[in-house]
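The values are calculated or read from the model by the stated rules, or taken from the named source; none is laboratory data. Keep in mind it's a predicted model, so treat the numbers as computed, not measured. Every residue, glycine among them, receives a Cβ derived from its backbone with ideal geometry; neighbour counts consider all protein chains shown.
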Ligand SMILES: [Zn+2]
Ligand SMILES: [Zn+2]
């Protein structure tokens, strides 16, 4: 089985032949259909997010179930599935209290499966982990059955793959943010994969203004295709001032889908009174943002983090699958580039260059 793995960071991915064990109880074997090239993988390759290595990267994917382990009942061989990058255990405090996307057990076991072991070995017999228990940059994967969300045949694999991370995160972050309402004013900082889906979620929710903020004129232009009403080029002057020029009192909601000290600070500064800044992008580990505390109090601003769309990933998948099938959201246009697994590093080079939309690894 061929897979793209990371042995050290910072580094590019290596394509290697790995030995794959079959699914144990509660696990599935999935033949990969498509996998998205996401900034979260790139962070690990750059060494600004940590993962025990070696590991097969990739957490945004979809495929077809090929075999199931003992006790697996909700999927069967032949089922096409979106894969969730948080396989909730169902028993920890977060799972029990309605935040399965924050599953404690999933975080504790990391790149290993729930029994603490790995399913992959390299040519020398060394253990290889799987990012998010998945590692979708591989011809096939063995992972927890609860990662699988079965989908109808009409959904193309590359669309299903994107639903696993960028669509669920971008859509869910906006749709599940507290207090969103028709007519709201919104700014979205960063219009990459997650940001474009935040923009289209704001459109679905009938926001009156959707201001896209980015440093790339071409990405801003692309964002108008997903519903952005205004564009702010942050490379052409202070984006907060530009937002206040558009909307005197600031915005009601600011979504930071990029994740950095700079963009988070700008998102909070761009808020009007009682505004809410939602931070969905992952900043480099250790980064901190300066917040104007007097402003925070006197203008009653709020700041919150949002992980994986703020809700149960499977529930978000259910919604976005329906919206896609009814042509309410556009996922097809997000797919701008396709690569075979062997050329995956070219996909990350395009991400570094800031090209529009998403690159997707497609498998035969
Ligand atoms: Zn991702
Ligand atoms: Zn759990």
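Observations on the structure shown:
- Among (1) touching a residue at least 60 places away in the same chain (Cβ under 8 Å); (2) crowded, with 19+ Cβ neighbours inside 10 Å; (3) within 16 Å of ligand 2 (Cβ to nearest atom), the one test that residue 98 misses: (2)
Yes/no matrix, rows are residues, columns are (1) more than 22 Å from residue 210 (Cβ to Cβ); (2) touching a residue at least 40 places away in the same chain (Cβ under 8 Å); (3) touching a strand residue (DSSP E or B) at 6+ places or on another chain (Cβ under 6 Å):
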{"site": "230", "(1), (2), (3)": "no, no, yes"}
{"site": "266", "(1), (2), (3)": "no, yes, no"}
{"site": "283", "(1), (2), (3)": "yes, no, no"}
{"site": "301", "(1), (2), (3)": "no, no, yes"}
{"site": "327", "(1), (2), (3)": "no, no, no"}
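- Qualifying residue in the range 105-112 (condition: more than 16 Å from ligand 2 (Cβ to nearest atom), under 17 Å from residue 134 (Cβ atoms) and in the same structural domain as residue 150 (by TED's automatic domain parsing)): yes
- Note on the range 26-58: among residues that are in a loop (DSSP other than H, G, I, E, B) and within 13 Å of residue 143 (Cβ to Cβ), the one that is nearest to ligand 1 (Cβ to nearest atom) is 58.
- Selection within the range 6-22 - farther than 20 Å from residue 284 by Cα and either modelled with pLDDT under 95 or not in a loop (DSSP other than H, G, I, E, B) (or both): 14, 15, 16, 17, 19, 20
- The residue that is nearest to ligand 1 (Cβ to nearest atom), among those in the range 73-91 that are out of contact with any strand residue (DSSP E or B) (no Cβ under 9 Å at 6 or more places or on another chain) and farther than 18 Å from residue 315 by Cβ, is 91.
- Yes/no for residue 63 being under 21 Å from residue 337 (Cα atoms) and either touching a strand residue (DSSP E or B) at 6+ places or on another chain (Cβ under 7 Å) or surrounded by fewer than 24 Cβ atoms within 10 Å (Cβ to Cβ) (or both): yes
- Flag if residue 154 is modelled with pLDDT of 95 or more, away from ligand 2 (no atom under 16 Å from the Cβ), in a helix (DSSP H, G or I) and surrounded by fewer than 24 Cβ atoms within 10 Å (Cβ to Cβ): no
- Matching entry among 146, 200 (being within 16 Å of ligand 2 (Cβ to nearest atom), in a helix (DSSP H, G or I) and in contact (Cβ under 8 Å) with a residue 12 or more places away in the chain): 146
- Among the candidates 159, 174, 128, 142, residue that is at pLDDT 95 or above and within 16 Å of ligand 1 (Cβ to nearest atom): 159
- Members of the range 174-194 found to be within 26 Å of residue 32 (Cβ to Cβ) and more than 10 Å from the chain's Cα centre (by Cα), listed by number: 192
- Taking the criterion of being surrounded by 12 or more Cβ atoms within 10 Å (Cβ to Cβ) and under 27 Å from residue 36 (Cα atoms), the residues of the range 78-95 that qualify are 79, 80, 81, 82, 83, 84, 85, 86, 87, 88, 89, 95.
- First in the range 55-69 and within 16 Å of residue 335 (Cα to Cα), second anywhere and within 16 Å of ligand 2 (Cβ to nearest atom) and modelled with pLDDT of 95 or more, Cβ under 8 Å, 6 or more apart: 60/85
- Unique match (being assigned by TED's automatic domain parsing to the domain that holds residue 34, part of a helix (DSSP H, G or I) and over 21 Å from residue 137 (Cα atoms)) among 294, 328, 321: 321
- Residue that is modelled with the lowest pLDDT, among those in the range 105-124 that are outside any loop (DSSP other than H, G, I, E, B) and within 19 Å of the chain's Cα centre (by Cα): 107
- Condition check for residue 182: over 23 Å from residue 310 (Cα atoms) and either outside the structural domain of residue 352 (by TED's automatic domain parsing) or touching a helix residue (DSSP H, G or I) at 6+ places or on another chain (Cβ under 8 Å) (or both): no
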